[in-house]
1. Give me the residue from segment 43-89 that is within 22 Å of residue 224 (Cα to Cα) and of a type in the set (Lys, Arg) and, out of that set, farthest from ligand 1 (Cβ to nearest atom).
2. Taking the conditions exactly as written (of a type in the set (A, V, I, L, M) and open to solvent by 40 Å² or more (accessible area, probe 1.4 Å)), does residue 64 satisfy them or not?
3. I'm trying to understand the selection: among the residues of segment 99-127, which are among the hydroxyl-bearing types (Ser, Thr, Tyr) and either part of a strand (DSSP E or B) or at pLDDT below 95 (or both)?
4. Does at least one position in segment 171-178 carry a residue that is open to solvent by 50 Å² or more (accessible area, probe 1.4 Å) and either at pLDDT below 95 or within 14 Å of ligand 2 (Cβ to nearest atom) (or both)?
5. Taking interchain pairs and intrachain pairs at least six residues apart, which have beta carbon atoms under 6 angstrom, with the first residue in segment 18-43 and open to solvent by 40 Å² or more (accessible area, probe 1.4 Å) and the second aromatic (Phe, Trp, Tyr)?
6. Which of the residues belonging to segment 193-217 are away from ligand 2 (no atom under 11 Å from the Cβ), open to solvent by less than 40 Å² (accessible area, probe 1.4 Å) and β-branched (Val, Ile, Thr)?
7. With respect to residue 132, is the statement that it is more than 16 Å from ligand 2 (Cβ to nearest atom), buried (at least 17 other Cβ atoms within 10 Å of the Cβ) and either of a type in the set (Ser, Thr, Tyr) or modelled with pLDDT of 95 or more (or both) true?
8. Only one of 141, 110 is closer than 26 Å to residue 324 by Cα, within 16 Å of ligand 1 (Cβ to nearest atom) and open to solvent by less than 30 Å² (accessible area, probe 1.4 Å); which?
Amino acid sequence: MDATEYDLIVLGAGAVGENVADRAVQGGLTAVLVEHELVGGECSYWACMPSKALIRPGQALRAARQVDGAKEAVTGTLDVAAVLARRDSFTHDWNDDSQVRWAEGAGIAVVRGHGKLTAPKEVTVATPDGGEIVLRARHAVTISTGSDAFVPDIEGLRDADPWTSRDATSAKVAPESLVVIGGGVVATEMATAYASFGTTVTLISRGGLLAGLEPFAGEMVAEALREQGVKVLLDTETTRVHRDDDRVTVETGDGGAVTAQEVLVATGRTPRTRDIGLEVVGLTPGDWLETDDTMRVKGFDWLYATGDVNHRALLTHQGKYQARAAGDVIAARAAGKPVSDGPWGTHVATADHEAVPQVTFTDPEVASVGLTLKAATDAGYRVRAVDYEIGYVAGASVYADGYKGTARMVVDEDRKVVLGVTFVGPDVSELLQAATVAVVAQVPLDRLWHAVPAYPTINEVWLRLLETYGRP
Ligand SMILES: Cc1cc2nc3c(=O)[nH]c(=O)nc-3n(C[C@H](O)[C@H](O)[C@H](O)COP(=O)(O)OP(=O)(O)OC[C@H]3O[C@@H](n4cnc5c(N)ncnc54)[C@H](O)[C@@H]3O)c2cc1C
Ligand SMILES: NC(=O)c1ccc[n+]([C@@H]2O[C@H](COP(=O)([O-])OP(=O)(O)OC[C@H]3O[C@@H](n4cnc5c(N)ncnc54)[C@H](O)[C@@H]3O)[C@@H](O)[C@H]2O)c1
């Protein structure tokens, strides 16, 4: 066999690319991963894991302070150096040896360097030593190159040397003050983390917080951030940014200005497709890659796109779900085996459309799956939403004194199934999988009554939601 020929070439070895290759190899194919930075990608080194490691210690401290008898034992503040050192242990000090070992152990070849499509089914890799390797795919190429932080065209912003999520998650010291531009997941999570370190944080959002989720989620997170000492400016445009020596000033549309040591821009993502040779196959560099539900790029029978780069759901777990479908379908198609591509089949990522779970690790956490009331109504469903204050649940009242939380269940009135669930409250993330199962399995409400939550757990909120809805 020509050493440069594989059944599958995966461009980008983030969590998603790794999973495509793994599934294809398990399906009997040969596969190579091409990576120009760290095997493991954004999630392991600059996103999910380090960000959660920065958030968790503050959350644990606040949790202890919400329980009489325990709070008396909490007399100090966070040891920020220890928090950062613990974060470093999760990122393995930005060393990917263990991930490379995993790939090789799984029978996946790894080629380091920047890869580009140079012909159909051909990727040319510029290697770190200045060389070039040409790889050819017998069956498929999957683009799993992820996304970068989007830096908007705000006057002076780029020249002010702003932090992006990478700087916020890998910082070696906490700045004395930080301005966060944005009101989404990164902005609220990083504001939560840095406020817990004693950094003076100002968050500037041009709208509310956490748009796209149930409105009460953003409202509760804004209130909690303020209680945690964050100055939250809503409905406020950022108009100009400039840096003088070690201070950066952010000017706002209402004539105000905030000065801080650093500014974090957390305004969304842009696809990593500018320099991967898309033009060679008739696609446009810089675009997101639109796929069908088997992750095949529209118009191609050999080109796939998984993870952030296809813009279906910019979440690690959802990208890995797509990767399992893609790796399996590539193997099936290569072997001429039947393809299961109907809704909810083995080879499709149907859940991307209306059953995506997500946790925002603020304090309170926001855990949601499926459609919000607005999204369900806009999609044409005849719906009814019921809300319940989680603090009224016995388990929640024991869990934390004065537990504040809200749950919403969105019901399809025609089929009497759950379309979406949102929980906001301390530690609600672990409630989410039950909601995901209910949404994906389309469990009828009258059957859900038989899924009895254990007493006294916060899961009893399910019973309260059903009671509030009324027994069908
Ligand atoms: C701060 C932050 C926190 C987050 N927290 C969470 C969370 O808690 N939970 C969650 O589910 N999601 C979270 N996300 C989203 C999550 O990080 C992404 O959805 C996920 O990393 C996407 O994985 P991917 O494999 O598609 O892309 P990536 O992880 O970006 O991997 C792409 C890989 O391709 C490589 N690459 C790109 N171009 C080339 C090329 N031409 N040649 C060779 N290699 C190339 C890159 O170096 C990279 O290693 C977070 C995101 C951010 C920014
Ligand atoms: N816990 C998690 O699962 C988690 C954590 C972090 C990030 N992520 C993922 O990473 C992705 C990126 O997160 P994000 O917070 O950067 O994006 P986002 O889409 O969640 O939020 C972007 C924010 O930036 C604002 N914005 C956009 N353009 C702007 C401009 N020109 N000026 C001012 N404000 C502007 C938007 O109004 C919004 O508030 C998300 O899609 C998310 O799914 C997930």
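1. The selected residue is 71.
2. Answer is no for this residue.
3. Once the filter is applied, which keeps residues that are among the hydroxyl-bearing types (Ser, Thr, Tyr) and either part of a strand (DSSP E or B) or at pLDDT below 95 (or both), segment 99-127 yields 118, 124.
4. no
5. Close Cβ pairs satisfying both conditions: 30/6.
6. Once the filter is applied, which keeps residues that are away from ligand 2 (no atom under 11 Å from the Cβ), open to solvent by less than 40 Å² (accessible area, probe 1.4 Å) and β-branched (Val, Ile, Thr), segment 193-217 yields 199, 201, 202.
7. Working: more than 16 Å from ligand 2 (Cβ to nearest atom): yes; buried (at least 17 other Cβ atoms within 10 Å of the Cβ): no; either of a type in the set (Ser, Thr, Tyr) or modelled with pLDDT of 95 or more (or both): yes.
Considered against the rule, which asks whether it is more than 16 Å from ligand 2 (Cβ to nearest atom), buried (at least 17 other Cβ atoms within 10 Å of the Cβ) and either of a type in the set (Ser, Thr, Tyr) or modelled with pLDDT of 95 or more (or both), residue 132 comes out as no.
8. That would be 141, the only listed residue that is closer than 26 Å to residue 324 by Cα, within 16 Å of ligand 1 (Cβ to nearest atom) and open to solvent by less than 30 Å² (accessible area, probe 1.4 Å).
The values are calculated or read from the model by the stated rules, or taken from the named source; none is laboratory data. For clarity, every value in this text was computed on a predicted model and none was experimentally measured. We place every Cβ from the backbone using ideal geometry, glycine too, and count neighbours over all the protein chains shown. Side chains included, ligands, DNA and RNA excluded: accessible areas come from the protein's heavy atoms. Shrake-Rupley method; radii C 1.70, N 1.55, O 1.52, S 1.80 Å.
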